Amino acid sequence: MLTLPSDAFLIFGHRGAAAHARENSRAAFQLAAAQGADGVELDVRRTADGVLVVQHDSTVEGLGPIIEHTAAELREHIADLLTFAEAMEACRGLITNIEIKNFATDPDFDPDDTVAAEVVAWVHENGWDDRVIISSFNPATVDRVRHLTGGVATGQLILPGANTAEQLLAAHVRGHQALHPHVSSLTEPDELAAVAAGLGMWLLAWTVDDPETIRALRDSGLTGVITNDPAGAVSAIDR
C-alpha cells in the first residue's frame with residue numbers, strides 16, 4: 001500500500017498539467033512530472049468494447065457517449081486518447097490518483113463496478129499497489145475497491161458543499177485512507193487537518209490553482225492539493 005511522507009506537502013497534477021497541455025494526455029502527465037509534481041490525477045471510463053480509457057467526460061463532442069463507441073472509433077476523434085494501461089505507463093515515477101468515473105446520471109454508469117474490479121486487477125498484476133490511490137465520487141465504488149483489496153490506498157471524493165468533517169469520519173469508518181474535498185468546502189482547514197492527522201488519513205484538496213490558497217492549505221497541515229498548474233503550485237510553496 002502507498003505510504004505518503006507525513007512532513008511533505010504534495011502537489012498532484014489535475015489530469016496532468018491540464019493548464020498547459022490537453023488534460024489526461026501523455027503530454028499532460030509528462031509535463032506534470034517535468035514541472036515537479038509528486039503525482040497526478042486521472043479519470044477512467046470504459047468503451048463499448050470494454051477497453052478502459054482515460055477521459056474525464058462521459059461523452060465526446062461530435063460523437064456521443066464513450067460507452068457507445070469502441071476505443072478505435074474514439075481515437076478517430078481524439079488522436080492522443082490513452083488507454084488506462086498507456087496512461088499508467090506515462091505516469092511511471094509519479095504517485096497516481098486513479099479516479100473511477102461512475103455517476104448514476106452518466107450514460108456509462110456501472111452499477112456492478114466492473115471498471116473498479118478491472119482497475120484493481122491491473123494495479124495488482126503490474127505491481128502498482130504502493131504507487132496509487134483509487135478514488136471515486138461514488139461511495140459504493142470506493143467501498144467496492146476496498147472490498148476487493150486491502151493492499152491499495154482508497155480515497156473518497158466529495159462534491160462542493162459537502163460537510164467535510166462528516167465525510168472525513170465516514171470515510172475513515174469505511175476503511176479509506178484519503179478524503180478529497182473541493183477547496184470551497186474547507187471552511188476550517190486547520191481543524192480538519194488536525195482531525196485527519198489524528199485518524200491517520202490524508203486530505204487532498206481539489207482543484208486549487210491560486211498560489212495564496214495553496215500556501216494557506218500547506219500551512220494548515222493538509223496533505224496536498226490537486227492542481228491544474230503544478231509548476232505554479234511548486235513555485236507557490238518555494239520548493
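Things worth noting here:
- Considering segment 24-38, and only residues there that are buried (at least 20 other Cβ atoms within 10 Å of the Cβ) and under 9 Å from Ile11 (Cβ atoms), the residue that is farthest from the chain's Cα centre (by Cα) turns out to be Gln35.
- Listed by first and then second residue, the pairs linking a residue in segment 170-195 that is aliphatic (A, V, I, L, M) to a residue that is loosely packed, with under 13 Cβ neighbours inside 10 Å, with Cβ atoms under 9 Å apart and 6 or more places separating them unless they lie on different chains, are Val183/Pro160.
- Residue in segment 139-154 that is of a type in the set (S, T, N, Q), over 21 Å from Thr207 (Cα atoms), touching a strand residue (DSSP E or B) at 6+ places or on another chain (Cβ under 8 Å) and buried (at least 18 other Cβ atoms within 10 Å of the Cβ) present: yes
- Among the candidates Pro181, Pro160, the residue that is crowded, with 22+ Cβ neighbours inside 10 Å and not basic (Lys, Arg) is uniquely Pro181.
- Selection status of Leu168, within 26 Å of Asn102 (Cβ to Cβ) and touching a Leu at 6+ places or on another chain (Cβ under 7 Å): yes
- Total residues in segment 120-139, condition farther than 19 Å from Leu4 by Cβ and hydrophobic (A, V, I, L, M, F, W, C): 4
- All helices (runs of 4 or more DSSP H) inside segment 184-239 with 1 or more residues being within 30 Å of Arg22 (Cβ to Cβ): 211-220, 230-236
No value in this document is a laboratory result; all are computed from the given coordinates. As the structure is a computational prediction, the values presented were derived from the model and not from experiment. Positions of Cβ are generated from backbone atoms using ideal geometry, with glycine treated the same way; all protein chains shown enter the neighbour counts.
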